[in-house]
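Right, one structure below, let's go through it.
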Amino acid sequence: MPFRITERERFIRLNRDRRHLLPRALLLGLLAGGTAVVFHLGLDAGEAWRARMLRFAHGCDTSGMAIPVAVSALCVFLAAWLVERFAPEASGSGIPHVKAVLLGVRGFRWVRVLAVKFLSGLIGIGGGLALGREGPTVQMGAAVAAGLAAGLSSSPDERRALVAAGPGAGLAAAFNAPLSGLMFVVEELRGQCSSLEFFAAAIACLAADMVCRLVLGELPAFRVMISATPALDLLPAFVVLGMSSGVLGVAFNRALLAVQCWRPHRPAWRKVVWLGWGCSIGAIGWQAPALLGGGQGLVGRILDGEAGLALNLIPLYFAARFALTIGSYGTGAAGGIFAPILVLGALLGLAAGSAIQSLAPALIVEPKAFAVVGMAAFFTGVVRAPLTGVVLMIEMTGNYLLILPLLAACFAALVVADRLHDLPIYEALLERELHGSRARRSR
């Protein structure tokens, strides 16, 4: 009998907390979604501006190359300087910082992070850095949540729930994918998600997605027409794609961490690196503008079957985007790796599908189906969140025919990456950030 009374009281208290949290979580979703939409529109304007600038530069003969080189150098320098000068915790995707806040080992200067993240992301990615918008929207969603919690919530449990929900709302708005945002909170940000946190994240993700759909439209992020569910005969090929993604995902993680370790300690040398990388970005943009930015346009063309990449060119594009993403993240400017990971996965899957199509013409192979599965598998190899990867691809493509290949490839990537004893990228970056904080305090 006492157990029943205790359980009843717990249930009543949980319902009371949910009713109290509901309007705050709804407001959080609307604010985080609005912030992500404005950021999205700003980046679209930046991409259009860069395209116009490149057209103008090409009209100036070979001397016009100096224009994108100078512009990109200035943008990269300014984006990295803003972060270093005003909010170092806004560097990169910011997800390791959010994880540290949720663990209670870091504070959150939410006003500063929100402003710096927004400006640095717009300037850097608009200037050509091969980074994505989803990392900034995740940290900006957490910043909005921290501000809302500070102003409206007195309960520590409510504050934790809102700060855990904010990143999911930001991711939901970035990709028009509410379930992926919720799954990201459960699988990546809060390994042991409480009922209150799950509730707040669900409401915030739905509200953020509603804002995104109202402003940007209700269509999925990518249009993919798959004629039929891939035959079971192709399942081993998807498993091999997943295993390859696990190996290359580990290589990506180790390269990203190595560049972080090689970052110059002296401010003067860091400024030289920023300018040098900006000049390189501008020179590459002069020759191949599709390699710059978040890469959503390139992925869209791959999934539409309009990329026009010959099989022998795909490894070159993969290597170029791999290096550009690693170098861009190493500048310290605001920008995420979600979208660049998806670009790499799409290229890897496209290569696998095109190779099978060439070697076994009797099989019915759609390379774009392999590209979709490659995106989820490479994401899993890097982030080690297979369910988020599967749900993200289903929501971004609006396609349910690839569930079995997605699951097979993602868990194959997970097994291989774990067997290589590699930490998930955000865990490794968090560990490095906490180690750096302890080292600075001990001096």
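Only one of Val111, Val76, Val101, Val83 is under 30 Å from Asp17 (Cβ atoms) and under 20 Å from the mean Cα position of the chain (by Cα). Can you tell me which? Spell out how you get there, then give the answer.
Working: Val111 fails: under 20 Å from the mean Cα position of the chain (by Cα); Val76 fails: under 30 Å from Asp17 (Cβ atoms); Val83 fails: under 30 Å from Asp17 (Cβ atoms).
That would be Val101, the only listed residue that is under 30 Å from Asp17 (Cβ atoms) and under 20 Å from the mean Cα position of the chain (by Cα).
For the range 124-164, give me the residue count where each residue is under 20 Å from Pro96 (Cβ atoms) and in contact with a Gly (Cβ under 8 Å, 6 or more places away or on another chain).
20
What residue, among those in the range 390-443 that are closer than 21 Å to Leu171 by Cα and among the polar types (S, T, N, Q), is modelled with the highest pLDDT?
Selected residue: Thr397.
Report yes if some residue within the range 157-179 is within 20 Å of Ala115 (Cβ to Cβ), in contact (Cβ under 8 Å) with a residue 12 or more places away in the chain and outside any helix (DSSP H, G or I); otherwise report no.
no
From Glu395, Glu433, Glu427, which residue is open to solvent by 20 Å² or more (accessible area, probe 1.4 Å) and in contact with a His (Cβ under 8 Å, 6 or more places away or on another chain)?
Answer to the selection: Glu433.
In the list Ser72, Ser63, which residue meets the criterion of being more than 30 Å from Phe198 (Cα to Cα), hydroxyl-bearing (Ser, Thr, Tyr) and free of Cβ contacts under 8 Å to residues at least 40 places away in the same chain? Working first, answer last.
Details: Ser72 fails: free of Cβ contacts under 8 Å to residues at least 40 places away in the same chain.
Criteria check complete, one pass: Ser63.
Among the listed residues Leu82, Leu26, Leu31, Leu41, identify the single one that is touching a helix residue (DSSP H, G or I) at 6+ places or on another chain (Cβ under 7 Å) and surrounded by fewer than 20 Cβ atoms within 10 Å (Cβ to Cβ). Before you say what the answer is, go through the steps one by one.
Working: Leu82 fails: surrounded by fewer than 20 Cβ atoms within 10 Å (Cβ to Cβ); Leu31 fails: surrounded by fewer than 20 Cβ atoms within 10 Å (Cβ to Cβ); Leu41 fails: touching a helix residue (DSSP H, G or I) at 6+ places or on another chain (Cβ under 7 Å).
Only one candidate passes the filter, namely Leu26.
(1) among the hydrophobic types (A, V, I, L, M, F, W, C); (2) outside any helix (DSSP H, G or I); (3) under 23 Å from Gly42 (Cα atoms): which one isn't true of Met140, the others all being true?
(2)
Counting only residues that are polar (S, T, N, Q) and touching a helix residue (DSSP H, G or I) at 6+ places or on another chain (Cβ under 8 Å), give me the helices (runs of 4 or more DSSP H) lying completely in the range 334-438 with at least 2 of them.
338-359, 386-397
Here is a list: Ala207, Ala150. Which entry is open to solvent by 40 Å² or more (accessible area, probe 1.4 Å), in a helix (DSSP H, G or I), at pLDDT 85 or above and of a type in the set (Gly, Ala, Ser)?
Ala150
If a residue must be of a type outside the set (A, V, I, L, M) and surrounded by 22 or more Cβ atoms within 10 Å (Cβ to Cβ), how many such residues does the range 398-421 contain?
So the answer is 2.
Report yes if some residue within the range 139-147 is within 20 Å of Ala90 (Cα to Cα) and free of Cβ contacts under 8 Å to residues at least 40 places away in the same chain; otherwise report no. Write out each step before concluding.
Keep residues of the range 139-147 that are within 20 Å of Ala90 (Cα to Cα), which gives 139-147.
Next, from what is left, pick out any that are free of Cβ contacts under 8 Å to residues at least 40 places away in the same chain: 143, 147.
Checked against the condition, which is being within 20 Å of Ala90 (Cα to Cα) and free of Cβ contacts under 8 Å to residues at least 40 places away in the same chain, the range 139-147 yields at least one hit.
Conditions tested, residue by residue: (1) open to solvent by 10 Å² or more (accessible area, probe 1.4 Å); (2) touching a strand residue (DSSP E or B) at 6+ places or on another chain (Cβ under 6 Å); (3) of a type in the set (D, E, K, R); (4) at pLDDT 90 or above.
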site	(1), (2), (3), (4)
Ala165	no, no, no, yes
Asn176	yes, no, no, no
Leu179	yes, no, no, yes
Leu189	yes, no, no, no
Ser195	yes, no, no, no
Phe198	yes, no, no, no
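Could you tell me which of the residues Ala130, Ala73, Ala115, Ala87 is on the phi < 0 side of the Ramachandran plot and in contact with a Cys (Cβ under 9 Å, 6 or more places away or on another chain)?
Just one listed residue meets the conditions, Ala73.
So which pairs qualify, if the first residue must be in the range 35-51 and outside any helix (DSSP H, G or I), the second must be not hydrophobic (A, V, I, L, M, F, W, C), the Cβ gap must be under 9 Å, and the two must be at least 6 apart or on different chains?
No pair meets every condition.
With the structure loaded, tell me whether Ala333 is open to solvent by less than 10 Å² (accessible area, probe 1.4 Å) and at pLDDT 90 or above or whether it fails that test. Can you show your working first?
Details: open to solvent by less than 10 Å² (accessible area, probe 1.4 Å): yes; at pLDDT 90 or above: yes.
Yes.
Yes or no, residue by residue, for (1) of a type in the set (Phe, Trp, Tyr); (2) more than 30 Å from Ile281 (Cα to Cα); (3) within 23 Å of the chain's Cα centre (by Cα):
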{"position": "Arg10", "(1), (2), (3)": "no, yes, no"}
{"position": "Arg16", "(1), (2), (3)": "no, yes, no"}
{"position": "Arg19", "(1), (2), (3)": "no, yes, no"}
{"position": "Asp44", "(1), (2), (3)": "no, no, yes"}
{"position": "Leu54", "(1), (2), (3)": "no, no, no"}
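Could you grab me the full set of residues in the range 321-333 that are among the β-branched types (Val, Ile, Thr) and in a loop (DSSP other than H, G, I, E, B)?
Correct list: Thr331 only.
The values are calculated or read from the model by the stated rules, or taken from the named source; none is laboratory data. Since the model is a prediction, treat every value here as computed from it, not as a measurement. FYI the Cβ positions are ideal-geometry reconstructions off the backbone, even for glycines, and counts take in every protein chain you see. Accessible surface is based on the protein model in full, side chains and every heavy atom, while ligands, DNA and RNA are left aside. Shrake-Rupley method; radii C 1.70, N 1.55, O 1.52, S 1.80 Å.
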